[in-house]
Amino acid sequence: MTALVELADVSKYYGNVRALEGVSLEVHAGEISCVLGDNGAGKSTLIKIIAGLHRHDAGSFTIDGEETTLSSPREALDRGIATVYQDLAVVPLMPVWRNFFLGSEPTTGVGPFKRLDVRTMRETTRSELLRMGIDLRDVDQPIGTLSGGERQCVAIARAVYFGAKVLVLDEPTAALGVKQSGVVLKYVAAARDAGLGVVLITHNPHHAYLVGDRFVLLKRGTMAGSHAKSEITLEELTRQMAGGSELEQLSHELARTATPEFPGGHRPD
Amino acid sequence: MSRTETSPAQPAKGDERLLHRSLARRLMGRPELGSVVGAAAVFLFFSIVAEPFLQASSLSTVLYASSTIGIMAVPVALLMIGGEFDLSAGVMVVSSALISSMVSYQMTANTWVGVGVSLLVTLAIGAFNGLLLTRTKLPSFIITLGTFFMLTGLNLGFTKLIDGTVSTKSIADMEGFASARALFASHLTLGSVDIQITILWWLALVAVATWILLRTRVGNWIFAVGGNADAARAVGVPVTKTKIGLYMGVAFAAWVSGQHLLFSYDAIQSGDGVGNEFLYIIAAAVGGCLMTGGFGSAIGAAVGAFIFGMASKGIVYAQWNPDWYKFFLGAMLLLATLLNAWVRKRAEEKA
């Protein structure tokens, strides 16, 4: 079975900065591929390539078995790749139903009387959110009044409704509390069960292990590991994610400085 | 934005968590509220202090003054909802009139040629503003401040170069002057009230702008590019085209206003128009448009223009020194914006 999206040995350079080098990733229908990495590991660069905001410089990017270079977010959307960004998913002051259809508004009527199909927009927003298990109080409220988790869910429901085959989620749980994160992960799983291929970007191995089917670890722009869920335990994933031996070193250092001899942090030697 | 027609469609499907929102609460969520309260207050005030204010003839004078501001305030409001400013709007009106007059005078003997050329050139100036903004990504304040001074200089420079004085020559004896005047500067009588045609232009523009904002895809895009341009771009909204279109909308209204100036006064003073851009921005802001974009209404801007129409004429009827108008303008801007901010906070606290 061909992957929905496959990256093989993809690299991206910004001038003389190596943002990403030799990264491979497969996304299959009905599966969640997690991309894990610390800050600066190249996660955002990877997303931007898949979402069509940046072009890759080397390696191959195939969609449905066909090699591609995306030139715009619109093209990515047309090819069935929807990206939900952590901070720029919605327009806060606009009502939920206007946000839901933003950029793909349905219209009725012809010529100068062509207008938004407001009734359909309202009802569809309500029913689609309900189908994803989100029971919204009022589709007319500005989306900025929803909680962070609810906003992510609306963005996910929107992508599912518009027929996305691949859903890319940029740190959907990063700014959320424990309970809210659980809610969002539930909708991620719901999208997977609906047959979408999901790319989940996160730096939280616990969240990733709960829902992920395969894991790609990034470190300083290169691939530090790629595992199927059956090949790895949560402990091992956490250890690799945190830098493995670096973590042991860190715990060692932290243990020694538990009672600081030199509070100023300056050691006279 | 359009809460008006929720209830008839689905009254049975109410949510039990949604407490009944009183009419007052719902009204408070509307962007126009501050301006409507302000308009009522100003109307009351001048009804008391200026006796001739309530006569029918005064009403038509007030409406005429409001319409000359209002024609520009509407597209400026749309632009502000889209998150941008246009400081060149005031002098662009005069540029448009000058182009029309000079093309007619120098090139042909038919005013309609000038009117047509003026439309094209004015739209091009608007597009230039928009293109410069979207290409350079500089703040619109800087871009349009630049075009404001450039246009001011061009207006004076060209007029002196071509006509030798600071005002244009009369074109009243030319072919097409009467018909152009009928379209841009005539007036009709309704009962005892004299209606200037600019009032019809104004109302038509408000209607079209409101329709665009609330019921078309473009309207959705205008709110989105002002509210969060990056999010809009990410879901496929043509941000660049929307912004350029908004600047061309301002240019179109500047053309209408410019032709009105030309065909009602015949000769144009090339130094006019400076400072009017602030009137338009103030009317839009009083009408509930957020300075940061993403929120506002065309009707609010129209009410804002009406407030200033009432004030500018009301001060005359009260036989005060017209200098007080400027003070009033500033005070009204502060009061209305404060009221708008307060109302919005109350409305969003728990709707």
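What follows is calculated from the coordinates using simple rules that are stated; it is not laboratory data. Bear in mind the structure is a predicted one, so any value in this text is a computation, not a measurement. Using ideal geometry, Cβ is built from the backbone for each residue, glycine included, and neighbour counts are taken over all protein chains shown.
Taking every DSSP beta bridge that has both residues in chain A, what percent is antiparallel when rounded to the nearest 5?
Antiparallel bridges make up about 55 percent of those DSSP assigns within chain A.
Loop only per DSSP, at most 16 neighbouring Cβ atoms within 10 Å: give me the trypsin sites (Lys or Arg not before Pro) in region A:114-176, ordered by residue number.
A:Lys114, A:Arg137
I need the per residue convex hull volume for chain B, using only the alpha carbons, in cubic angstrom as a whole number.
Spelled out: Cα convex hull of chain B, divided by residues, is 159 Å³.
Under 18 Å between alpha carbons, and skipping anything fewer than 8 positions from B:Lys169 in its own chain: which lysines qualify?
B:Lys160
Using the count of nearby Cβ atoms within 10 Å as a rough guide to exposure, how do A:Val168, B:Val193 rank from fewest to most?
Going from sparsest to densest Cβ surroundings: B:Val193, A:Val168.
Mind listing which trypsin sites (Lys or Arg not before Pro) in region A:21-73 are in a DSSP loop and have 15 or fewer other Cβ atoms within 10 Å?
Hits after loop and neighbour filter: A:Arg55.
Angle check, please: helix B:217-227 long axis (alpha carbons) against the longest principal axis of chain B (alpha carbons), in degrees 0 to 90, nearest 10.
Rounded to the nearest ten degrees, it is 80.
I need the calculated FRET efficiency for the pair A:Asp9 and A:Ser147, taking r as the beta carbon distance and R₀ as 25 Å, to the nearest 0.05.
Calculated transfer efficiency: 0.05.
In nm, what is the difference between 0.36 nm times the number of residues separating B:Thr292 and B:Leu138 and their Cα-Cα distance?
Taking 0.36 nm per residue and subtracting the Cα distance, the gain is 53.9 nm.
Using a simple charge model, +1 on the beta-carbon of Lys and Arg, -1 on the beta-carbon of Asp and Glu, nothing else, what dipole does region B:53-338 show about its Cα centre, in debye to the nearest 20?
In debye, rounded to 20, region B:53-338 gives about 660.
Please give, to one decimal in nm, the separation of the simple spin-label points placed at A:Thr107 and B:Lys326, each 7 Å out from Cα toward the Cβ.
Between A:Thr107 and B:Lys326, the simple spin-label model gives 4.6 nm.
Based on other C-beta atoms within 10 Å, arrange A:Asp78, A:Asp193 from fewest to most.
A:Asp193, A:Asp78
Rounded, prolate or oblate: which fits region B:60-133, taking a ≥ b ≥ c as square roots of the Cα gyration tensor eigenvalues, rounded meaning a/c under 1.5, else prolate when a/b beats b/c?
Judged from the Cα gyration tensor, region B:60-133 comes out oblate (a/c at least 1.5, b/c at or above a/b).
Karplus couplings for region A:213-228 from phi (6.51 cos²θ - 1.76 cosθ + 1.60, θ = phi - 60°), rounded to Hz, Gly and Pro as x?
9, 9, 10, 10, 9, 10, 8, 6, x, 10, 7, 9, x, 8, 9, 7
Beyond 26 Å between alpha-carbons counts as too far, so tell me which of A:Lys43/A:Lys229; B:Lys137/B:Lys326; A:Lys48/A:Lys165; B:Lys313/B:Lys345 fall in that bin.
As for pairs spanning more than 26 Å Cα to Cα, those are B:Lys137/B:Lys326; B:Lys313/B:Lys345.
For chain A, find the longest principal axis of its Cα atoms and tell me its angle to the long axis of helix A:118-131, 0 to 90°, nearest 10.
Computed tilt is about 40 degrees.
Taking the Cβ-Cβ separation of B:Ala318 and B:Ala341 as r and a Förster radius of 30 Å, what is the calculated FRET efficiency to the nearest 0.05?
Approximately 0.50, to the nearest 0.05.
Could you tell me whether region B:81-236 comes out rounded, prolate or oblate from its Cα gyration tensor? Rule is a ≥ b ≥ c as square roots of the eigenvalues, rounded for a/c under 1.5, then prolate if a/b exceeds b/c, otherwise oblate.
Taking the square roots of the gyration eigenvalues as a ≥ b ≥ c, region B:81-236 is oblate.
Only bridges with both residues in the protein assembly as shown count here: give the DSSP antiparallel percent, nearest 5.
For the protein assembly as shown, the DSSP antiparallel bridge percentage is about 55.
If you scale each eigenvalue of the Cα gyration tensor by 5 and take the root, what three semi-axes come out for chain A, rounded to whole angstrom and sorted largest first?
37, 23, 18
On the first, second and third principal axes, largest extent first, how far apart are the outermost C-alpha atoms of region B:237-351 in Å?
So the three principal-axis extents are 54, 43, 19 Å.
For the protein assembly as shown, what is the convex hull volume of its Cα atoms per residue in Å³?
Expressed per residue, the convex hull around the Cα atoms of the protein assembly as shown is 244 Å³.
Between A:Asp193 and B:Phe278, what's the calculated FRET efficiency when r is the beta-carbon distance and R0 is 51 Å? Round to 0.05.
Approximately 0.35, to the nearest 0.05.
Report, in deg cm²/dmol and to the nearest 500, the calculated mean residue ellipticity at 222 nm for chain A, where each DSSP H run with n ≥ 4 adds -39500 (n - 2.57) and the sum is divided by the residue count.
When only DSSP H runs of four or more count, the value is -10000 deg cm²/dmol.
When the Cα centres of region A:192-224 and region B:93-128 are compared, how far apart do they sit, in Å?
61 Å
If the viscosity is 0.890 mPa s and the temperature 25 °C, what translational diffusion coefficient in µm²/s does Stokes-Einstein give for region A:173-239 when Rh comes from Kirkwood over Cα pairs?
191 µm²/s
So what's the angle, to the nearest 10 degrees on a 0 to 90 scale, between helix A:245-256 and the longest Cα principal axis of chain A?
60 degrees
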